[in-house]
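Undergrad: Got a structure for you, written out below as structure tokens; questions coming shortly.
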Amino acid sequence: MVLHKRMQRRSFLRGAAGFTLALPLLESAQVEAAMSPPKRYFIGFAGSSIGFPGFNYDQLVPDATGPGYDVKRALQPLLDLGIRDSVSVVTGMEIPWGDAGNVPPGGRVRKWHATSVAPIISGVRGSSVAGDEAAQGPTSDQVAADVLAQDTVHRALTYRVQAAYYRGSNGDGGARGRISYRDEGGTIVPVDPIVSPRLAYESLFIGFVPPDAVAESLAVLRRRRSAVDLVLEDAQTLLPKLGAADRQRLERHFDELRGLEKRLDQEQPPLEGACELLVHPGDDPAIGGVVENGDTNGYAGGGAYSNEQRRAELLTDLVAMAFTCDLSRVASMMYTMGQCFLNANPLIGLPSDMHELGHFGVGGGQVGLDAMSDCVAWHVSHFGRLVQKLNDTTDLDGSSVLSNSALSLLFEGGWGYDPESEDALSVHSSENMSALIAGNAGGLNPNGGVHVPNIGGHPTQVLNTALKAVGVDQEMGEVSGVVGSLLG
Amino acid sequence: MLTSMALALATGCYTGLGASGDGGTEGAGSGTGSGAETADADSASDDGQEIDQAVLDRVGASGLRRLTAVEYAATVYDLVGVDVDAALLLPEDWRQPFDNDYTTQVVSQALIEGAELLAADVAALVVADIGLREAVVGCTPKSTADAECFRSFITTFGRLALRRPLTAGEVDRYAGLLVEADESDDFYAAVDVGLRMFLQHPEFLYRVELGVAVADVPGVFRLSDHEIATRLAYFLWGSTPSDALLDLADAGELHTTDQIISVASLMFDDPRARARVGRFHALWLGYEQLPHGPTLAAAMQAETQALIDRVLFDDGSPWQDLLRAEETFVGATLAEHYGLPAPADTELSDWVPYGESGRQGLLSHGTFLSAMAKVDDSSPTKRGILVRSRLMCQDIPPPPPEVNVDDVEPPEGTCKEDFYREVHAQGNCAGCHNLVDPIGLGLEHYDHRGVFRTVENDDPTCVISGDGMLDGVPFNGPAELSDLLLDSGTLNGCVTKQIYRFAMGRSELGPLDRAFVSSIVDEVGSDVELDLMELLLRFVSDEAFVLRREEEAE
């Protein structure tokens, strides 16, 4: 991969009415051979617990600690992908809980769905207001982007694989469909994920000029730029006419438009080495409809599914290439939403949704535990695929991109005591939580992939660890501490 | 001219022709932007007319409203005749229960890039289709860089897209896009850029309201005729004002109360009004997205839409008749689902009488009965909340966070009905649950799919009584509940409030908003039969409807 300073697209011609037209792409800037590769940060989220009701163990946590840990069913993809020794497993963690008004730092309220998401991603205790599941602080991807993004084309990629909520009237999942929040002057604002792989592709490769279609691509860029230029001018003209509140709203819109303008204007890295223009994904898979709970025919028929398998693959490829081409250094991927009603049948061959699998959707006992473990494994497989890709991509310094990255996979729940139902062995529990962390940025994983029990620690400490590894000197919200043995 | 415009209004056609906006009004930029005048409490004037303080006291705050995904798609279809599923590319609109609460809208990279890609898609579809592009452009270019034709396109389409005539300066600037035609040696390349630009324009994506400052009333503005046209169109049609509606605005004929009433009355004849009223009900009563497979969900929604069409539009009957209907529109499959006789022609849907089934009106539709269901069964509590909060507009506090509301199952050997009656009605839980559970228990004969049952799903030995209570009055089933609600005197006020929330794009109402609602309810009456069309006319003809108040900045 070649890195070079970002340049503004130069040499515009002025048209008769003052519009700009771009000349063909200039030669890329001088390679700065002395530049060290940037650090990359990734957080993946799985809307799934890892255990099964009635079981006092799961099929994720290895028996052995340290390197060379034994791989159980839920982590089988790590072996299949040949990356077990690049991925550490941190286990035995928990999120404390409390009743409204008494939620401990970094904790959640007693009610389960979906109150663990907010403290995991932000480190700030969840809201005590019933129904408010939004993060109460900025999330780690935004914190990382503040430091790492610099002049990259995309400050942070925010993706979601699960295309819809698939249940009831809450079509977009609300807070359950988001894991990225930023701080806007003291107000925590959700960041909408890109769900459409097509849009994610178009967004990521904005401005790329494939060598076999230079004229056509430049023409399209020119038109895009012309349109956005005019829109920006008019937005700027409109702003002072608005009242203060509306001005704030439009300024935010204007800021994002300027971001688009900048991305249209920036010179893209040359397509050489590992940096390549991926094949266009085409139209997005259709959005699946709702399947009634227990309707095995509906699940078997493919409802509640929008080819999330392909979506995950496409979005993973984009993250990998974004890191490779230095288009972005930060990415978040919400594989599945909190309380995930995604149809598991196309993924693991069981006619139920992921949430119901944890509630005897295909049966109890070992069958149920295996089903939950296979769902976990599906998430692990996509996370692992990203790890593998980055491991196989050479970075500027001759090492791999993975060696300059920190990647984490967090799960919505573990297993154990559920204070809501008072069941001792429930999947509605933030006890016995696990997380995966891969990459070697900043000396992360000095002993390769290891199993590290972090008994009683908070899952967000894994994010703290990843942030520290990439040089972000900030811990998340109210959760302090790192998994020290994972830092060199 | 009014007659021809009325016809055009009624059909809602994009004619491609309209009044030239060249050098017309200043457009939406005519407002001063912020009320800097100091208040003079003794007078307030609007175009020289005094505005009654009582009117000012019911002008709620309003802000920049972005088109929802559904509104975007409808707007694009009406503008250029192209079908796009905007929800695939735009961030989702939160349901509160309405999808158009502007106070929840946020801006993101996903929005900006989704809007750009959508604009590109629409432009490509239009340019690729000879018929569409001829309709949109409105003239045939005589050359690759036919400036006159391009200028005409900019002027005409721009007026429709931005919902106001363009200024001369804007036309000049946008006409400069013709340079793309030279670059590409293709006139329609310039059209492509023009379409992309208009569909990303802030005045397309957002409903910008500036208006004219009301003298001596800081922060209050009277909408321009074009802004009134836009408010009317998105309220009654969920889409952009038509060419004819804009013509009326251009001519200053959307200014007085009589003019607005006249136009709005004609707008009800448009099919979009039916769809809009249907959508209002679906979002309001929680059945816009149903927890069923697509075939059943579609059949149920068609059933309820048919009732709305018939009662409110075809028959012009009171809104209350939605709760009184003694027959329903179903096909053979849905009829069987409900246990009703099939239509005479089993290949078609038709009206089927309820007979002695105990069903009556909308509250016995699968749509209503499915809303707020639990995963695999009905929830008496949630149904009661649905009735109290959505139909009676009563505030039911959420459960304390420490209470388990998920997967609540009766202990083995305990019937669900007994569990709800005995467990929920105890201790600290009783206060809230006694408000809602008795209502839901009265609907328990109908499961979460609207199917009639006599015993509980999980235990056939548990016979369902279906005995419910609303504010101390017993009932059994949706027919009797409907009758109680009709007698409760709460429906008119609640319908009016919900319409206000939908119309103004705010879920949370402040004192000024409530004053607007109250003024209408006081005038219409709480216990009378409610003519929904008249109510909507009352809305749009209120002096406060054409005023806006700026929000406080955060």
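The values are calculated or read from the model by the stated rules, or taken from the named source; none is laboratory data. Keep in mind that what you see is a predicted model, and the values were worked out from it rather than measured. Note that we place each Cβ from the backbone using ideal geometry, even for glycine, and neighbour counts take in every protein chain shown.
Undergrad: Looking at B:ALA119, B:ALA145, which is the one that is small (Gly, Ala, Ser), within 26 Å of A:LEU264 (Cβ to Cβ) and over 26 Å from the mean Cα position of the chain (by Cα)? Give the steps one after another, and end with the answer.
TA: Numbers: B:ALA119 fails: over 26 Å from the mean Cα position of the chain (by Cα).
Checking each option against the conditions leaves just B:ALA145.
Undergrad: List the residue pairs whose Cβ atoms are under 7 Å apart, where the first residue sits in segment B:489-503 and is free of Cβ contacts under 8 Å to residues at least 40 places away in the same chain, the second is of a type in the set (Phe, Trp, Tyr) and buried (at least 20 other Cβ atoms within 10 Å of the Cβ), and the two are 6 or more positions apart or on different chains.
TA: Sorted first by the residue in segment B:489-503, then by its partner, the pairs are B:TYR500/B:PHE516.
Undergrad: Among the residues that make up segment A:398-416, is at least one of them at pLDDT below 95 and surrounded by fewer than 24 Cβ atoms within 10 Å (Cβ to Cβ)? Can you show your working first?
TA: The initial filter retains those residues of segment A:398-416 that are at pLDDT below 95, namely A:398-399.
Filter again for surrounded by fewer than 24 Cβ atoms within 10 Å (Cβ to Cβ), leaving A:398-399.
Checked against the condition, which is being at pLDDT below 95 and surrounded by fewer than 24 Cβ atoms within 10 Å (Cβ to Cβ), segment A:398-416 yields at least one hit.
Undergrad: So which residues in segment A:445-488 are farther than 21 Å from A:VAL387 by Cα, in contact with a Leu (Cβ under 8 Å, 6 or more places away or on another chain) and hydroxyl-bearing (Ser, Thr, Tyr)?
TA: Scanning segment A:445-488 gives no hits.
Undergrad: If the requirement is being within 27 Å of A:TYR305 (Cβ to Cβ) and part of a helix (DSSP H, G or I), which of these qualifies: A:ASP192, A:ASP141?
TA: Working: A:ASP192 fails: part of a helix (DSSP H, G or I).
After ruling out the rest, the residue left standing is A:ASP141.
Undergrad: Find the strands (runs of 3 or more DSSP E) located wholly in segment B:440-552 whose residues include 2 or more that are farther than 30 Å from B:ARG207 by Cα, and list them.
TA: Working: elements: B:467-470, B:473-476, B:547-549.
In segment B:440-552, the matching strands (runs of 3 or more DSSP E) lie at B:467-470, B:473-476.
Undergrad: Only one of these is of a type outside the set (Phe, Trp, Tyr), modelled with pLDDT of 95 or more and crowded, with 19+ Cβ neighbours inside 10 Å: A:ARG73, A:ARG84. Name it. Give the derivation first.
TA: On the way: A:ARG73 fails: crowded, with 19+ Cβ neighbours inside 10 Å.
Of the residues listed, the single one that is of a type outside the set (Phe, Trp, Tyr), modelled with pLDDT of 95 or more and crowded, with 19+ Cβ neighbours inside 10 Å is A:ARG84.
Undergrad: Scan B:ASP483, B:ASP542 and give me the residue that is away from chain A (no Cβ under 14 Å) and within 30 Å of B:GLU336 (Cα to Cα).
TA: Details: B:ASP542 fails: within 30 Å of B:GLU336 (Cα to Cα).
Exactly one residue qualifies, and that residue is B:ASP483.
Undergrad: Where in segment A:284-390 are the helices (runs of 4 or more DSSP H), entirely inside, with at least 2 residues that are buried (at least 24 other Cβ atoms within 10 Å of the Cβ)? Steps first, answer last, please.
TA: Values: elements: A:296-300, A:308-324, A:345-348, A:354-357.
Filter on segment A:284-390 gives A:308-324, A:354-357.
Undergrad: Just need a number here: residues in segment A:298-327 that are in contact (Cβ under 8 Å) with a residue 60 or more places away in the chain and away from chain B (no Cβ under 14 Å).
TA: 14
Undergrad: Under the condition of being touching a strand residue (DSSP E or B) at 6+ places or on another chain (Cβ under 8 Å) and outside any helix (DSSP H, G or I), which residue from segment A:248-283 is nearest to the other protein chains (Cβ to nearest Cβ)?
TA: A:GLN266
Undergrad: Now for a different question. For segment B:270-309, what are the residues that are charged (D, E, K, R) and more than 19 Å from B:ALA503 (Cα to Cα)? Walk me through how you get there before you give the answer.
TA: In the first step, residues of segment B:270-309 are kept if they are charged (D, E, K, R); the result is B:270, B:272, B:274, B:276, B:279, B:288, B:303, B:309.
Matches in segment B:270-309: B:GLU303, B:ASP309.
Undergrad: Sticking with this one: Checking A:ILE455 against (1) in a helix (DSSP H, G or I); (2) over 19 Å from the mean Cα position of the chain (by Cα), only one condition comes out false. Which one?
TA: Against the list (1) in a helix (DSSP H, G or I); (2) over 19 Å from the mean Cα position of the chain (by Cα), A:ILE455 comes up short only on (1).
Undergrad: Taking segment B:73-108 as the region of interest, how many residues are among the charged types (D, E, K, R), at the interface with another protein chain (Cβ under 9 Å from one of its Cβ atoms) and in a helix (DSSP H, G or I)?
TA: Residues meeting the conditions: 0.
Undergrad: Going through segment A:238-274 one residue at a time, which ones are in contact with a helix residue (DSSP H, G or I) (Cβ under 7 Å, 6 or more places away or on another chain), in contact (Cβ under 8 Å) with a residue 12 or more places away in the chain and more than 24 Å from A:ARG225 (Cα to Cα)?
TA: Across segment A:238-274, the qualifying residue is only A:ALA274.
Undergrad: Now for a different question. For segment A:229-247, check the following and say yes or no: at least one residue is part of a loop (DSSP other than H, G, I, E, B), within 7 Å of chain B (Cβ to nearest Cβ) and buried (at least 22 other Cβ atoms within 10 Å of the Cβ). Can you show your working first?
TA: Pass one, segment A:229-247, residues part of a loop (DSSP other than H, G, I, E, B): A:242-243.
After this cut, where a residue has to be within 7 Å of chain B (Cβ to nearest Cβ) as well, the list is A:242-243.
The next check asks that each one be buried (at least 22 other Cβ atoms within 10 Å of the Cβ); those that pass are A:242-243.
Among the residues of segment A:229-247, at least one is part of a loop (DSSP other than H, G, I, E, B), within 7 Å of chain B (Cβ to nearest Cβ) and buried (at least 22 other Cβ atoms within 10 Å of the Cβ), which makes the answer yes.
Undergrad: Do you know which residues across segment B:71-95 are buried (at least 20 other Cβ atoms within 10 Å of the Cβ) and free of Cβ contacts under 8 Å to residues at least 12 places away in the same chain?
TA: Listed by number, the residues that qualify are B:LEU88, B:TRP94.
Undergrad: Now for a different question. Only one residue in A:LEU3, A:LEU13, A:LEU25 is modelled with pLDDT under 90 and outside any loop (DSSP other than H, G, I, E, B). Which one?
TA: Values: A:LEU3 fails: outside any loop (DSSP other than H, G, I, E, B); A:LEU25 fails: outside any loop (DSSP other than H, G, I, E, B).
Being modelled with pLDDT under 90 and outside any loop (DSSP other than H, G, I, E, B) holds for just one of A:LEU3, A:LEU13, A:LEU25, which is A:LEU13.
Undergrad: In segment B:501-551, what residues are charged (D, E, K, R), under 15 Å from B:ALA54 (Cβ atoms) and surrounded by fewer than 16 Cβ atoms within 10 Å (Cβ to Cβ)?
TA: B:ARG514, B:ASP522, B:GLU523
Undergrad: Moving to a separate point now. Evaluate segment B:57-65: report whether one residue or more is at the interface with chain A (Cβ under 10 Å from one of its Cβ atoms), more than 24 Å from the chain's Cα centre (by Cα) and under 24 Å from A:ASP246 (Cα atoms). Walk me through it before giving the result.
TA: Initially, segment B:57-65 is screened for residues at the interface with chain A (Cβ under 10 Å from one of its Cβ atoms), giving B:61-65.
Filter once more, so that each one left must be more than 24 Å from the chain's Cα centre (by Cα): none.
No, that holds for no residue.
Undergrad: Is it the case that segment B:278-297 has a residue that's in contact with a strand residue (DSSP E or B) (Cβ under 9 Å, 6 or more places away or on another chain) and modelled with pLDDT of 95 or more?
TA: Looking for residues that are in contact with a strand residue (DSSP E or B) (Cβ under 9 Å, 6 or more places away or on another chain) and modelled with pLDDT of 95 or more, one finds none in segment B:278-297, hence no.
Undergrad: Considering only residues that are in contact with a Gly (Cβ under 6 Å, 6 or more places away or on another chain) and on the phi > 0 side of the Ramachandran plot, which ones fall in segment A:48-106?
TA: A:GLY106
One line per residue, one yes/no per condition, for (1) free of Cβ contacts under 8 Å to residues at least 40 places away in the same chain; (2) under 18 Å from A:VAL470 (Cβ atoms):
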site: A:GLN142; (1), (2): no, yes
site: A:ALA145; (1), (2): no, yes
site: A:HIS154; (1), (2): no, yes
site: A:LEU157; (1), (2): no, yes
site: A:ALA164; (1), (2): no, no
site: A:ARG178; (1), (2): no, no
site: A:GLY185; (1), (2): yes, no
site: A:PRO190; (1), (2): no, no
site: A:PRO193; (1), (2): no, no
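Undergrad: So, A:THR152, is that one under 20 Å from A:LEU277 (Cα atoms), away from chain B (no Cβ under 11 Å) and in contact with a strand residue (DSSP E or B) (Cβ under 9 Å, 6 or more places away or on another chain) or not? Break it down into steps so the answer makes sense when it comes.
TA: Numbers: under 20 Å from A:LEU277 (Cα atoms): yes; away from chain B (no Cβ under 11 Å): yes; in contact with a strand residue (DSSP E or B) (Cβ under 9 Å, 6 or more places away or on another chain): yes.
Judged against the criteria, A:THR152 is a match.
Undergrad: While we're looking at this one, here's another question. If I filter segment A:417-436 down to residues being among the small types (Gly, Ala, Ser) and crowded, with 24+ Cβ neighbours inside 10 Å, which single residue comes out as farthest from the chain's Cα centre (by Cα)? Steps first, please.
TA: Narrowing segment A:417-436 to residues among the small types (Gly, Ala, Ser): A:421, A:424, A:426, A:429-430, A:434-435.
Subsequent filtering for residues that are crowded, with 24+ Cβ neighbours inside 10 Å retains A:426, A:429-430, A:434-435.
Values: A:SER426: 27, A:SER429: 23, A:SER430: 21, A:SER434: 17, A:ALA435: 14 Å.
Across segment A:417-436, the extreme among qualifying residues is A:SER426.
Undergrad: What about B:VAL191, is it β-branched (Val, Ile, Thr), surrounded by 22 or more Cβ atoms within 10 Å (Cβ to Cβ), assigned to a helix (DSSP H, G or I) and at the interface with chain A (Cβ under 9 Å from one of its Cβ atoms)? I'd like the intermediate steps shown before the answer.
TA: Working: β-branched (Val, Ile, Thr): yes; surrounded by 22 or more Cβ atoms within 10 Å (Cβ to Cβ): yes; assigned to a helix (DSSP H, G or I): yes; at the interface with chain A (Cβ under 9 Å from one of its Cβ atoms): no.
Answer is no for this residue.
Undergrad: Could you grab me the full set of residues in segment A:219-228 that are within 31 Å of the chain's Cα centre (by Cα) and either more than 8 Å from every other protein chain (Cβ to nearest Cβ) or closer than 13 Å to B:SER184 by Cβ (or both)?
TA: A:VAL220, A:LEU221, A:ARG225
Undergrad: Would you tally the residues in segment A:171-196 being within 11 Å of chain B (Cβ to nearest Cβ) and crowded, with 20+ Cβ neighbours inside 10 Å?
TA: Selection size over segment A:171-196: 17.
Undergrad: Now for a different question. If we only count helices (runs of 4 or more DSSP H) wholly inside segment B:109-183, which ones have 1 or more residues that are modelled with pLDDT of 95 or more, crowded, with 18+ Cβ neighbours inside 10 Å and within 12 Å of chain A (Cβ to nearest Cβ)?
TA: Values: elements: B:109-128, B:130-137, B:147-162, B:168-175.
Qualifying helices (runs of 4 or more DSSP H): B:109-128, B:147-162, B:168-175.
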